[in-house]
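Here is the structure we will look at.
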């Protein structure tokens, strides 16, 4: 992997040439939070952000997208071209890069790949950046605090400069296009990177033990914890909406008046919604809130481990802040492990 | 009688705006001005000028580059001729990305200080019927 550095003061110049690789999105202030959006100027970009409200998933699986249209006169029209716009996501944290790598396993590397997701993934450049963990981050526990793949460039703060890891040939193209803005790091720069890296690891204040969690979940299938959580959960789906790895979706045909034309639309869904497991005939396999929230935890911390070798949680902490009922994944895991009380 | 071509100058330097505005008016153009990218973009959306002269280093030193991207995001302005006029290359020698290499979705880059005769000649060329958008900057990334 090629490693370079760029002065922090020249990052605006570097960012100026990135639109040549696609529409530039970066973290900008949005109310009391942050969101990936198009900055109106470089001073809008907030690189020292804790987390964005929504993860970058929205750029690959939009909350709502038309997959194809149909018309009784002209037939089907593939809308894949609308997913082919080139994008650059600037300032993505390591856990969100892991989130995308996890989505890849589902949508790109599985038995059936999703052409809409694949097209956006191929056309989107990722420029990562490191971050200082706050009380909600537990990415270290989920082995998602450091990204070694899934980015084109990754920036790490080393004082007056960023150390830049070049992850792909597209990242290398960015470096080449930006002319002489980047240079070789010195041994002192590498030493500073290592020092700050150790500091960042030590800065995590929140963590969970994952080693035997799938087995403990197996043992706690009938735990009272699930009923207690079900009593508190409002089934609002906020945790799913802000999750970097939730990928449930619903597909429906929207037919125009006259019933001669329409479109097939995919929208985000949540396993917390009452209708998620509702099937034709009125049967609902997860009628109770407790069964739905239990499923969410089992899917992420047990089922995904069995299928893909790691949990599908990346420790971003978004769901902790989003839950109006105060359900905290770290506390839930500790409860299941018998480390704290249910409340 | 032909209606005067309109030029929008987006620049935060009032002296430059005054001097270039006077030059263009004396050549028969109608001139509008804005002192920052946000106001310039808003004006361009409603007034649809025939030509935009855009500074780069305003409140942010790369503001004009971002404004240019936003101009190209507006379908009605996607092929509006834009001349980027800046001293960014002389002020920041570390920035060596040639404006003619195709990354800049502008029609032309002119360094400051501007040569009046060149500006008038280019303004006439870019607002003439038959001008093909983006031809001067390696197609300017096909103007996005």
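Observations on the model:
- A:219, A:118, A:335 arranged by Cβ crowding within 10 Å, fewest neighbours leading: A:219, A:118, A:335
- Treating r as the C-beta distance of residue A:70 and residue A:277 and R0 as 30 Å, the FRET efficiency rounds to 0.60.
- Region A:90-211 shape via C-alpha gyration tensor axes, a/c threshold 1.5: oblate
- Within a Gaussian network of chain B (alpha carbon springs, distance under 10 Å), most fluctuating of B:46, B:79, B:62: B:46
- Averaging the sequence gap over all C-alpha pairs within less than 8 Å and six or more residues apart, then dividing by the number of residues, gives chain A a relative contact order of 21 percent.
- Its relative contact order, with pairs defined as Cα atoms under 8 Å and 6+ residues apart, puts region A:236-279 at 41 percent.
- Residues residue A:255 and residue B:12, FRET efficiency given R0 of 51 Å [Cβ-Cβ distance, rounded to 0.05]: 0.45
- Subtracting the Cα-Cα distance of residue A:218 and residue A:264 from 0.36 nm times their residue separation leaves 12.7 nm of extension gain.
- Cα point-scatterer Debye curve for region A:1-80, base-10 log of I(q)/I(0) at q = 0.18, 0.20, 0.26 Å⁻¹: -0.90, -1.01, -1.27
- Extension gain (nm, one decimal) between residue A:209 and residue A:288, 0.36 nm per residue minus Cα-Cα: 25.6 nm
- Within a Gaussian network of chain A (alpha carbon springs, distance under 10 Å), most fluctuating of A:315, A:99, A:33: A:33
- Neighbour-count ranking [beta-carbon atoms within 10 angstrom, fewest first] of A:184, B:122: A:184, B:122
- Residues A:25, A:247, A:308, A:76 arranged by fewest to most Cβ contacts within 10 Å: A:76, A:308, A:247, A:25
- Spin-label pair residue A:325-residue A:86: with each label point 7 Å from Cα along the Cα-Cβ axis, the two points sit 4.7 nm from one another.
- Mean separation of Cα contacts under 8 Å, 6 or more apart, over the residue count of chain B: relative contact order %: 22 percent
- Global form of chain A, assessed from the alpha-carbon gyration tensor, a/c cut-off 1.5: oblate
- For chain A, built as a Gaussian network whose Cα springs stay under 10 Å, the top-fluctuating residue of A:148, A:130, A:256: A:256
- Cα shape, region B:10-107, gyration tensor, a/c 1.5 rule: oblate
Only the coordinates and a few stated rules stand behind these numbers; no lab work does. These figures come from a predicted structure and were not determined experimentally. Using ideal geometry, Cβ is built from the backbone for each residue, glycine included, and neighbour counts are taken over all protein chains shown.
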